[in-house]
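> For reference, the structure I am asking about is given below.
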Amino acid sequence: MIVLGIYIAIFCAAFIVVRFGISKITERRDFTSLKTVTFGDESAVRPNRWASFLSVLTLFFLWGAFTGSAWVPFHAPGPFVGDTEFTYTMEAPDGARDDATVYARVLPTGEKGDPQDVPAGDGFAKNDSIALAAWRSDLVLMDKNDEITRKDGGKVVAIDGQPVSPGSRVEVAHGTVAVTSKGSLNFVPDGGMQMEPIWLPAPESVVARVKEISVRGYQNFTLWEHLYWSLFRVIVGFLCGAIVGIPLGYAMGLSGWFRGWFDPIVEFMRPVPPLALIPLVIIWAGIGESGKIILLFLAALWIMAISARAGVSGVAISKVHAAYSLGASRWQVLRYVIVPNSLPEIFTGARVAMGVCWGTVVAAELVAAEKGAGMMIMVASRFQLTDIVLMGIILIGVIGFSIDILMRKAEDWLVPWKGRT
Amino acid sequence: MTRARTDVGPRFLNADTLKGAWCRMSKLSINNLSMRFDLPNGSFVQALKDVSLDIESGELMSVLGPSGCGKTTFLNILAGFLSPTEGSVTLNDNAVIGPSAERGMVFQQGALFEWMSVRDNVSFGPRMAGRKKKDYMDNVNHLLDVVGLQDFKDKSVYELSGGMQQRVALARCLANDPDVILMDEPLGALDALTREKMQGLVLKLWKETGKTIILITHSVEEALLLGQRLLVMAPRPGRIHKEYRLPFAAAGVGKDLRTVKRDPEFAEKREEILSMIWDMEEEIMGRTEEAKA
Ligand SMILES: Nc1ncnc2c1ncn2[C@@H]1O[C@H](COP(=O)(O)OP(=O)(O)OP(=O)(O)O)[C@@H](O)[C@H]1O
Ligand SMILES: [Mg+2]
């Protein structure tokens, strides 16, 4: 909630600063800047580069600030670390009371330390000392050294002077003490507003993990091998799907028999999400490479077939007529008119198919695999290695994005006439 | 679909043949052509009824008529894209049964191949016929000169203006050296000035190549200028309403077309045909209103 509030505040502040500050200085002078109607004219809406930059920066800073990163100069209040103490008052069955102090030592996450050495003190209640990690809690084993224990009928009646009973909680210095239903004390140090590393590790620990597993590996494979295998499966599966799907789509676009024969199959398979096929493919082909590639083949096949079919139906009849009256044979019409004319459509399909394949491979690896990006994050999550999970997600996103950009570049290069007919 | 060519003479134009030094005989005869489109709802449209016509080699014929009178259907049958429900078309005594290289077609727009350069578009026909590059390249370059696109031959067609694209389409058709050139509103999408220049170009190419040209247009002026013969068609059913033989095309070759248009006879014919088409349009409107009532 607080994070959302801060995020919105930064969004608004950045907008105001950029709008009335920076934009005034670096304003672009081109045709679009002269348009007076921009609200509602989609073509006049261009992404503000400052906004994109600040957006990424904001996410990074929020991440750093709420994980106590060393890379970010300001932090949300962190968990309490250090020594603190509180006193409890024990009442013996005969009504006698005695105070004892609990010395708590809160250690930073991951560090080991011993409790403080403390004098036992006088009276029947003796002082205690505990050591615990930040964000954790600890039961105070006061019965261990007290002369009158709860078994003897003694009970804690006050903490830091405030009366308590089983079930109540009391704020003490740097934490809270809860009295359990059995009458023992549970100390919880202040957690602050930062995230625990097992929920959200700091950016530097993610980066450190990248370095570590790109050299030492994780689950028998280095990071690059995991990513390589995922990409390899996507590319092989996609290529198989395209090699079968594109001719199939052409056949469906050119022959009534093929269209009639394959229409029911394609129309039926199209709405089945590839993820739903994972169990079947595992039964048929196991969790090895062939199973993954079959799955991705199926994911790409229908998309490519449908886009090739659409590419054929999209050809202007006058182009086909023109080619025939220039003396082209059927084969030449296919080769020089229908295929090039359908390329833009096929590229659009290929971009979609690549995206679907990339998503499917990760999901399939999450379910069962020996290697791959999805398997890496799944196994890591079982061991609560959140930094690996986070790193995996970021890299999966980066790779998916790069694939799309590469496809778009290839499209610009190979079908420059797209959208110009 | 395609069949062997029976004509003789050089297959492809070159600089000399373009000068009008020769003329291949090609006679197009159209016999009792009828075309009926059966609609899925059980009714039908009689797009053409009993059209008969002979077109001699080297004739320039323009076709005019109100919208929907079957001009495009007529041309598509000549090109071989449609087979008529009745009647037949023969070219040099061979029945027309499908599209072929001897009947070239120039479309209104959008029939160029965007994925090819201007030059590849123009040389498409010879390439498809498997000709050697050195055999056709001179002719292609010559045609690019004729249509004034030598400087644009390496450009993509989508980089050209509408008028330039139509010139590419003309050159592409000519490079294939067809006997008959069919044009369906080839200049319909152009602005008035470009259109006038293109009309001059069509006349020039007609004179130089001696091709048989059949041209559909919506503009009465264009039909008069580019019609040695002018066919006025009437709708429902589509039929030949009236035929003219006009001197303007022959007179206009190589001249400023505006001087031809100033001819009093030209103005007279224009008025005559315009009112003829107006009457037809009014009749159609009347009939539709009756049908509604
Ligand atoms: N494929 C078709 N199916 C059904 N009816 C058709 C088909 N093609 C044409 N027609 C009908 O045939 C008639 C003639 O059409 P056509 O396209 O030949 O007219 P047109 O003279 O070329 O008209 P325009 O000047 O508007 O181009 C029209 O009434 C049209 O509705
Ligand atoms: Mg038409």
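The values are calculated or read from the model by the stated rules, or taken from the named source; none is laboratory data. Not measured: the values here are computed from a predicted model. Note: ideal-geometry Cβ built from the backbone for every residue, glycine included; neighbour counts use all protein chains shown.
> With the structure loaded, tell me whether residue A:82 is exposed (fewer than 13 other Cβ atoms within 10 Å of the Cβ) and under 27 Å from residue A:193 (Cβ atoms) or whether it fails that test. Show your work before the answer.
Working: exposed (fewer than 13 other Cβ atoms within 10 Å of the Cβ): yes; under 27 Å from residue A:193 (Cβ atoms): yes.
Criteria met by residue A:82.
> Tally up the residues in the range A:398-421 that are of a type in the set (Gly, Ala, Ser), free of Cβ contacts under 8 Å to residues at least 12 places away in the same chain and either at positive phi or within 14 Å of chain B (Cβ to nearest Cβ) (or both), please. Steps first, answer last, please.
Just the residues of the range A:398-421 that are of a type in the set (Gly, Ala, Ser), to begin with: A:400, A:402, A:410, A:419.
Next cut, free of Cβ contacts under 8 Å to residues at least 12 places away in the same chain only: A:402.
Then drop every residue that is not either at positive phi or within 14 Å of chain B (Cβ to nearest Cβ) (or both), which leaves none.
Qualifying residue count for the region: 0.
> Go over the candidates A:175, A:154, A:161 one by one and state the one that is in contact (Cβ under 8 Å) with a residue 40 or more places away in the chain, crowded, with 18+ Cβ neighbours inside 10 Å, over 30 Å from residue A:384 (Cβ atoms) and outside the structural domain of residue A:60 (by TED's automatic domain parsing).
Details: A:175 fails: over 30 Å from residue A:384 (Cβ atoms); A:161 fails: crowded, with 18+ Cβ neighbours inside 10 Å.
Of A:175, A:154, A:161, the one residue that is in contact (Cβ under 8 Å) with a residue 40 or more places away in the chain, crowded, with 18+ Cβ neighbours inside 10 Å, over 30 Å from residue A:384 (Cβ atoms) and outside the structural domain of residue A:60 (by TED's automatic domain parsing) is A:154.
> A follow-up question, please. If the Cβ limit is 9 Å and pairs must be 6+ apart or interchain, which residue in the range A:217-236 that is assigned to a helix (DSSP H, G or I) pairs with which residue that is buried (at least 22 other Cβ atoms within 10 Å of the Cβ) and polar (S, T, N, Q)?
A:234/A:360
The rows are residues; the columns are (1) part of a helix (DSSP H, G or I); (2) within 37 Å of the chain's Cα centre (by Cα).
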| position | (1), (2) |
| --- | --- |
| A:293 | yes, yes |
| A:298 | yes, yes |
| A:311 | yes, yes |
| A:323 | yes, no |
| A:327 | no, no |
| A:344 | yes, yes |
| A:374 | yes, yes |
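> Kindly indicate the residue of the range B:167-208 that is within 13 Å of chain A (Cβ to nearest Cβ) and part of a helix (DSSP H, G or I) and also farthest from residue B:63 (Cα to Cα) among those meeting that condition.
Out of the qualifying residues, it is B:175.
> Looking at the range A:66-95, which of its residues are within 20 Å of the chain's Cα centre (by Cα) and either at positive phi or without any contact (Cβ under 8 Å) to a residue 24 or more places away in the chain (or both)? Spell out how you get there, then give the answer.
Of all residues in the range A:66-95, those within 20 Å of the chain's Cα centre (by Cα) come to A:66-69.
Scanning the range A:66-95 gives a single hit, A:68.
> Considering only residues that are of a type in the set (D, E, K, R) and within 16 Å of ligand 2 (Cβ to nearest atom), which ones fall in the range B:46-105? Lay out the reasoning, then the answer.
First, pick out the residues of the range B:46-105 that are of a type in the set (D, E, K, R): B:49-50, B:54, B:56, B:59, B:71, B:86, B:93, B:102-103.
Selection gives B:71 alone.
> Sticking with this one: Take residue B:233 and tell me if it is part of a helix (DSSP H, G or I), touching a residue at least 12 places away in the same chain (Cβ under 8 Å) and touching a His at 6+ places or on another chain (Cβ under 8 Å).
Working: part of a helix (DSSP H, G or I): no; touching a residue at least 12 places away in the same chain (Cβ under 8 Å): yes; touching a His at 6+ places or on another chain (Cβ under 8 Å): yes.
So residue B:233 does not fit the description; no.
> What number of residues within the range B:193-230 are closer than 24 Å to residue B:49 by Cβ and either free of Cβ contacts under 8 Å to residues at least 24 places away in the same chain or among the small types (Gly, Ala, Ser) (or both)?
Selection size over the range B:193-230: 2.
> From the list B:135, B:120, pick out the single residue that is assigned to a helix (DSSP H, G or I), out of contact with any strand residue (DSSP E or B) (no Cβ under 6 Å at 6 or more places or on another chain), away from chain A (no Cβ under 12 Å) and of a type in the set (Asp, Glu). First the steps, then the outcome.
Numbers: B:120 fails: away from chain A (no Cβ under 12 Å).
The match here is B:135.
> Look through B:50, B:38 and report the one residue that is in contact with a Phe, Trp or Tyr (Cβ under 8 Å, 6 or more places away or on another chain) and modelled with pLDDT of 85 or more. So that I can check it myself, show each step before the final result.
Details: B:50 fails: in contact with a Phe, Trp or Tyr (Cβ under 8 Å, 6 or more places away or on another chain).
B:38 is the lone residue from the list that is in contact with a Phe, Trp or Tyr (Cβ under 8 Å, 6 or more places away or on another chain) and modelled with pLDDT of 85 or more.
> Of the residues in the range B:104-117, how many are over 10 Å from the mean Cα position of the chain (by Cα) and at the interface with chain A (Cβ under 7 Å from one of its Cβ atoms)?
So the answer is 5.
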